[in-house]
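Right, one structure below, let's go through it.
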Amino acid sequence: MEDEFIYWPHPTPVGIKVEEISGMESKSGAIWRELAMQIYCENGRDGFREIGHFPNGAPFLFGMTARISITHTGHLLAVATLPKTPESNLASFAQRTAMGIDAERLDREQVIKVRDKFLSDAEKEFVAADNLEANIIAWTAKEALYKAAMTSGLDFKDAIKITSLPKIDRQMNLPGAPAPVIGTAVISIPMEEGDTMDVDMNLYSYESEGHCVTIAFSPKCAKFGRH
């Protein structure tokens, strides 16, 4: 089975590690996802990794204090990981561990048909209806931001605000490649007594096998250094 999958671990220019699994075109749907997750779990640096989920649905690795976020679409599964943060509670939101990842095919035109459901009027000013790539970036950004917020029920239009779009990095980690264009966003997280906390976030997008992969992360989150 392993010979039919491609497993690729790589660092991103923004200091977040991503592990990607693709291949095995003969399988699809839930079966493909389960097999791909098995490949991910078997490629742990220190042995087999077991994934669990917090009550809010966010994934974690048993016995590890590193934030992970998972996305899958078609025949691509990607897992983003931050460095270990034993000082943080991974079960709840913290800027030290605020990170989420999402992916979507770059040719999925259905995203434009539902743009009114996830884009505010202000966001539509810089995400044109006839620009499929911009809408795909915005969609994956909103999904990644929602995962990073660790807060169920956030409204995509009003509580998750994109203030500038990233550009898709198509030369990730190539020697001499220009610095990626980073986007920005704000998440309004409800607090006690009806108050909200506005959290500034960054957005990074890259292309992988015809997909847009977007990572949302706090400027204050733990990151891997460049070596």
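The values are calculated or read from the model by the stated rules, or taken from the named source; none is laboratory data. Every value quoted in this text rests on a predicted model; they were computed, and no experiment measured them. Note: ideal-geometry Cβ built from the backbone for every residue, glycine included; neighbour counts use all protein chains shown. In case anyone asks, the SASA skips ligands and DNA or RNA and just uses the protein heavy atoms, side chains included. Shrake-Rupley method; radii C 1.70, N 1.55, O 1.52, S 1.80 Å.
Applying the condition of being in contact with a Phe, Trp or Tyr (Cβ under 7 Å, 6 or more places away or on another chain) and assigned to a loop (DSSP other than H, G, I, E, B) to segment 50-64 and asking which residue is farthest from LEU154 (Cα to Cα) yields GLU50.
Are there strands (runs of 3 or more DSSP E) fully within segment 101-209 with at least 3 residues that are of a type outside the set (S, T, N, Q) and open to solvent by 70 Å² or more (accessible area, probe 1.4 Å)? List them.
In segment 101-209, 196-208 are the strands (runs of 3 or more DSSP E) which contain 3 or more residues that are of a type outside the set (S, T, N, Q) and open to solvent by 70 Å² or more (accessible area, probe 1.4 Å).
If I filter segment 3-19 for residues that are open to solvent by 30 Å² or more (accessible area, probe 1.4 Å) and in a helix (DSSP H, G or I), do I get at least one hit? Yes, because at least one residue in segment 3-19 is open to solvent by 30 Å² or more (accessible area, probe 1.4 Å) and in a helix (DSSP H, G or I).
Please enumerate the residues belonging to segment 210-227 that are part of a loop (DSSP other than H, G, I, E, B) and under 20 Å from SER164 (Cα atoms). So that I can check it myself, show each step before the final result.
We begin by selecting, within segment 210-227, every residue part of a loop (DSSP other than H, G, I, E, B); these are 210, 218-227.
Once the filter is applied, which keeps residues that are part of a loop (DSSP other than H, G, I, E, B) and under 20 Å from SER164 (Cα atoms), segment 210-227 yields SER218, PRO219, LYS220, CYS221.
Select from segment 29-65 the residues that are open to solvent by 40 Å² or more (accessible area, probe 1.4 Å) and of a type in the set (Lys, Arg) and write down the one among them that is nearest to the chain's Cα centre (by Cα). Restricting to residues being open to solvent by 40 Å² or more (accessible area, probe 1.4 Å) and of a type in the set (Lys, Arg), the top hit is ARG33. For segment 65-100, which positions are over 15 Å from ALA149 (Cα atoms) and in a loop (DSSP other than H, G, I, E, B)? Once the filter is applied, which keeps residues that are over 15 Å from ALA149 (Cα atoms) and in a loop (DSSP other than H, G, I, E, B), segment 65-100 yields THR65, GLY74, HIS75, THR85, PRO86, GLU87.
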